[in-house]
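Notes to accompany the following structure.
The values are calculated or read from the model by the stated rules, or taken from the named source; none is laboratory data. Model, not experiment: these values are computed from the prediction. No Cβ is skipped: glycine too gets one built from the backbone with ideal geometry, and neighbour counts run over all protein chains shown.
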Amino acid sequence: MQAGREAETPWRAPTAGAPVRASVRLPGSKSITNRALILAALSDQPTVIAGPLLARDTSLMAAAIGALGAAVTTAGDDWLVTPGWRQGRASVDVGNAGTVLRFVPPVAALASADVEFHGDPRAAQRPVWPLLSGLRQLGVQVDDGGRGAVPFVVRGRGAVPGGAVTVDASSSSQLVSGLLLAAARYDKGAEIRHEGPPVPSAPHLAMTVAMLRAAGAEVQTAASAGAAGNDSGAGRVVPDLWRVYPGPLRPGGISVEPDLSNAAPFLAAALVTGGQLTITGWPARSLQAADQIAAVFGQLGASFTASAAGMTVAGTGSVSGITADLHDIGELTPVLTAVAALADGPSTFTGIGHLRLHETDRLAALAGQIGRLGGHVSELPDGLRVRPRPLRAAAEPFDSHDDHRLVMAAAVLGLAVPGLRVRNAATVGKTFPEFIGLWQQMLGSSP
């Protein structure tokens, strides 16, 4: 719980009085920004990050690499990262940012310092034990008191032997990405093998590999015979073995795309109001899950048109119920569940059991909060089933559970539910500080 939360005035989500007609420019991708900061900190030379996201999660990452000795300075809208290493002791606040929790410890192992990791109360419940186990397999000393969670100390000794490591990354793809990002600077590199149920959010692993290769790393991927059932849902078998060879990293410059996960509520607004909205700067070729995002919104009833102005999405005002595996794009689940609650028929979403271990238990939170509005969302072992019903604002505000994605879901519901108020909407600043202002601007309403 954030300080002063109980005293905060809930945000009244605006209702759509007409079909949306708007153009929106989104801030940079959190996922790309935080990977860029790690690669820049491990580089042999300064790196310019163009168009980074400035939000709580990225500020925590910049502070984390700063604690290890790198310098992050601003140059207009860009950041300049100058690598360096601190000696002695250091402290890293992970907040409630999964990328900081899982990307920074493998880097800290390269410092000549004991690095303490701590964070928000929820951070202690988020999966990190497989990463710490993996670091130990690679020759790193980690003291966690047997908790497998923050707080813990990585005892950096200036180098990491590296080698082969086996992890179960079924709870988060970041457990593999964290090891991949630092592996090129280990003495023997690293061969990382996943053993367990399929890794979620496969496009984020592909993003990590692509950014490593662009920075000069040699990376090989493979899918073992046992990965035959690890299908992404798009006919692709997801790798479960990654080999990163030792060598320098020299990204030089990294351009950050607009955050397409944060496009979801705006796409939803066009869909449910029967309007039309253009996301300017939508990349023609993306490191993000652009195709999967467009596909699921297309199933719901949206149409997409690419032009020089960006990507335009249009809705008819009718939303179809769907059945979809969201394993690759689980972060869209809160917004998609809100859309499904306003649909013409029932929906079932699967492949998202791991969301119980995100910023909050997202499956329980969605079922509970939409239920309080009169909707019906039931939890499945690996997903949610949504049966649309008439919704009405509850006497108590919609509880964001300190989760940025829940705020976005509430905003979508508010389009059709007059009087819906949202508790701790400011937590959306975790990844999208401009969200409420852009949302209200889109609808032509005042704060």
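Things to note:
- Among the residues here, Ala90 qualifies as buried (at least 21 other Cβ atoms within 10 Å of the Cβ), among the hydrophobic types (A, V, I, L, M, F, W, C) and modelled with pLDDT of 95 or more.
- Some residue of region 98-108 being among the aromatic types (Phe, Trp, Tyr) and over 26 Å from Asp402 (Cα atoms): no
- Look at (1) assigned to a helix (DSSP H, G or I); (2) closer than 19 Å to Thr208 by Cβ and you find that Ala123 fails only one, number (2).
- Here Phe432 meets each of (1) within 15 Å of the chain's Cα centre (by Cα); (2) assigned to a helix (DSSP H, G or I) with one exception, condition (2).
- Count of region 384-408 residues which are under 18 Å from the mean Cα position of the chain (by Cα) and over 17 Å from Ala264 (Cβ atoms): 2
- Of the listed requirements (1) buried (at least 18 other Cβ atoms within 10 Å of the Cβ); (2) touching a Pro at 6+ places or on another chain (Cβ under 9 Å); (3) over 24 Å from His204 (Cβ atoms), Gly156 misses just one: (2).
- In summary, no strands (runs of 3 or more DSSP E) completely within region 257-361 bear 2 or more residues that are of a type in the set (Gly, Ala, Ser) and closer than 29 Å to Ser172 by Cβ.
- Residue match in region 52-71 (condition: more than 27 Å from Asp403 (Cα to Cα), crowded, with 20+ Cβ neighbours inside 10 Å and at pLDDT 95 or above): yes
- Residue within region 243-260 that is in contact (Cβ under 8 Å) with a residue 60 or more places away in the chain, among the hydrophobic types (A, V, I, L, M, F, W, C) and surrounded by fewer than 19 Cβ atoms within 10 Å (Cβ to Cβ) present: no
- Some residue of region 337-347 being over 23 Å from Val386 (Cβ atoms), acidic (Asp, Glu) and assigned by TED's automatic domain parsing to the domain that holds Pro433: no
- Pairing residues of region 415-427 that are within 16 Å of His401 (Cβ to Cβ) with residues that are among the β-branched types (Val, Ile, Thr) and surrounded by 18 or more Cβ atoms within 10 Å (Cβ to Cβ), at Cβ distances under 7 Å and at least 6 apart in sequence or on separate chains, gives Val422/Val407; Ala425/Val407; Ala425/Ile436; Thr427/Val407.
- Residue satisfying all of: in region 307-336; among the polar types (S, T, N, Q) and without any contact (Cβ under 8 Å) to a residue 40 or more places away in the chain; surrounded by the fewest Cβ atoms within 10 Å (Cβ to Cβ) among these: Ser307
- Apart from one condition, Ala411 fits all of (1) free of Cβ contacts under 8 Å to residues at least 24 places away in the same chain; (2) buried (at least 24 other Cβ atoms within 10 Å of the Cβ); the exception is (1).
- Flag: Val199 does not match the condition of being surrounded by 23 or more Cβ atoms within 10 Å (Cβ to Cβ), in contact with a His (Cβ under 7 Å, 6 or more places away or on another chain) and within 25 Å of Asn96 (Cβ to Cβ).
- Condition met for Thr350 (buried (at least 18 other Cβ atoms within 10 Å of the Cβ) and either free of Cβ contacts under 8 Å to residues at least 12 places away in the same chain or hydroxyl-bearing (Ser, Thr, Tyr) (or both)): no
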